[in-house]
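This is the structure, below, for whatever I ask next.
What follows is calculated from the coordinates using simple rules that are stated; it is not laboratory data. The structure displayed is predicted, hence computed values, not measured ones. Cβ sites come from the backbone with ideal geometry, for glycine too, and all protein chains shown count toward neighbours.
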Amino acid sequence: MKNVLVLALLVLLSASISFAQKGVDTQTKTIKDEGNRVTSRGNDATRSFDWGKGKTKVRERLANPYKLASRRDILIGQVIDALRERKIVVDEASSRLKDGIIITQPFVFAKGSVITQNELNRYAILENSYSTWTRAQYTLVIEIQPIDGIQNKVSVNAKVEGRAGTGLTSEWVTVRSSGAAEDEFLSKLIELVTGVSPDASADPDRP
């Protein structure tokens, strides 16, 4: 009887050990499978990121002269308003408003050697070999030419100047306009006349 009891205990102990070993084997297999699993997401080192390339849109320069549908007297007032918004002063002594010619006083758009060099490269085509530019300004000449009773052509010309230095002396030098000053003013005027900015079409976030 005692031998039978001992034999039964041995059988139970053997079954428990076998079950435990099977459990460990199953768990180990699961861990290995998880570690070896290939995920569907690529490695971060090989993934490509879109930093907004292709979103920036640059519109073409506006036609100059530009045709606008507005009465001439109203358009002259809108030209003056556009200049005022850009803090550009009209030279009343030189302008001939009745003839549709508006001339501004020189507008200083850059001061300091670093800023002036960068801004002149945007507003002008530099062909001079001056070592230092310390100030920059432009003067606008705006002419409104009637087409018919309700349409006019607006032409804008900018005289761009830079204060150039050679080490000992400095002088104002007229440089060739790049067309940026004229385009910026026309864009503002069109926005006032039509209520829509030409730059809106270049905004990538607009539909």
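Roughly how many nanometres apart are two label points built 7 Å out from the Cα toward the Cβ at residue 113 and residue 145?
Modelled inter-label distance: 4.4 nm.
Expected output is a single nm value to one decimal: the length gained when fully extending between residue 64 and residue 91, i.e. 0.36 nm times separation in residues minus the C-alpha distance. What is it?
On the way: separation 27, 0.36 × 27 = 9.72 nm, distance 2.19 nm.
Extending this stretch completely gives an extra 7.5 nm.
Once amide H atoms are built 1.01 Å from N in the peptide plane, which residues 5 or more positions from residue 110, or in another chain, come under 5 Å H to H?
136
In what sequence, highest mean first, do 89-99, 112-122, 131-141 appear when ranked by Cβ atoms within 10 angstrom? Please list the in-between numbers first.
Working: 89-99: 12.2, 112-122: 15.3, 131-141: 19.5.
In descending order of packing, they fall as 131-141, 112-122, 89-99.
Within the range 140-171, name every residue whose backbone N is under 20 Å away from a label modeled 7 Å from Cα of residue 194 along the Cβ vector.
Label zone hits: 143-157.
I'd like to compare 75-88, 153-166: which one has the highest average count of other Cβ atoms within 10 Å, and what's the full order after that? Intermediate values should be presented prior to the final figure.
On the way: 75-88: 16.6, 153-166: 19.6.
Going by the mean number of other Cβ atoms within 10 Å, highest first, we get 153-166, 75-88.
Can you tell me how much longer the chain between residue 172 and residue 132 gets when fully stretched, taken as 0.36 nm per residue apart minus their C-alpha distance, in nm with one decimal? List each step's numbers first, then the result.
Details: separation 40, 0.36 × 40 = 14.40 nm, distance 1.18 nm.
Fully extending the segment from residue 172 to residue 132 adds 13.2 nm.
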